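See below for the structure under consideration.
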Amino acid sequence: MTIIWLLLPVLGWGVLPFAIQLVGGTTKNQIFGTAVGTLIASFFVIAVQGLDISVSNFLLAALAGAFWIAGQLGQYQAYKNIGVSRTMPVTSGLQLIGTSLIGVLIFGEWSTTTARTLGFIGIAMLIIGVFLTSYTENKNNDPERKATQSYVILVLTTIGYLVYNTIPKAMSTSGLAIFFPESVGMVVAVLAYLAVTRSLGVIKEAKSWQNILAGLIFSVAAISYIFSVRYNGVNTAFVVGQVSVVLSTLGGLIFLKEHKTTRELILTILGLAIIVGGAVVTTVG
């Protein structure tokens, strides 16, 4: 059973990017469906284990969920602008770099010289991997200028993911206990986003409800990761979970028919290997 918990996050997070592209719809359809799907899944979690969380922790978890929406919006938009196979290695690498630095600067991780040395070697590997996977040969045309803008947006919206990952570390409770309040925060954030952009009509569109599938896939991955940490340990669960970026990138190339030149493909595969390797090194540190 421990193997199943170990592999489900890889499958869920790996399938999610190209699954949502196959369902289709606008970015607003996709983010609404994802949030609602996650909320639906959270009701099943409550049915199994109940809801035991303080008001303050509930609000903090909801805030984390709201910030996750910010990160996911940037990611979904990038899928459309530059494709899944370009987006996923970059956003995964950026999250790994940011999470590692936050762990050191705020939570005092990598307390020994050996840990800091290995950690910063891992970060350097992640930076190299991100650079390689984002390489393009034709940089002077309009599509590539649009790609540059997408990468900038990815960098900025990654802050949402980093806050989402950081808040639970500062809380007195975590795991399944915060899954429901996080999903509430996601839905509230999406509704606020649709209201501000005057797009509440999206709620009535069929594609919005079809994209609930994305929220269910995300929930399976997130819940199974919690169990994987419990049964396999944090380091093993985390490192194996990073393999999902390989699955999603290859899925974009194979199932979505995203094009890369031979050189871009070679560098992407090399970059993916370095990103996964960097994740391993930072975890060992």
(request) Starting from the coordinates of the alpha-carbon atoms of segment 8-284, obtain the Kirkwood hydrodynamic radius over all distinct pairs and give the value in Å to one decimal. (result) 19.1 Å
(message) Checking understanding here: applying a Kyte-Doolittle mean of at least -0.5 and a length along the axis of at least 18 Å (C-alpha), which whole DSSP H helices in the chain pass?
(response) 2-23, 27-49, 55-82, 84-105, 113-133, 142-166, 179-196, 212-232, 262-284
(request) Please state the charge dipole magnitude for the chain, taken about the Cα centre, from unit charges on C-beta atoms (+1 on K and R, -1 on D and E), reported in debye and rounded to the nearest 20. (result) 400 debye
(request) Take 263, 86, 198, 230 and order them by how many other Cβ atoms sit within 10 Å, fewest up front. (result) 198, 263, 230, 86
(message) Looking at the chain as a GNM with Cα springs under 10 Å, which of 192, 214, 222 has the largest mean-square fluctuation?
(response) 192
(request) Just need the relative contact order of the chain here, percent rounded to a whole number, with Cα pairs under 8 Å and 6+ apart. (result) 47 percent
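Since every read-out is calculated from the coordinates, none of them should be taken as a lab result. Bear in mind the structure is a predicted one, so any value in this text is a computation, not a measurement. Positions of Cβ are backbone-derived with ideal geometry, glycine not excepted, and every protein chain shown enters the neighbour counts.
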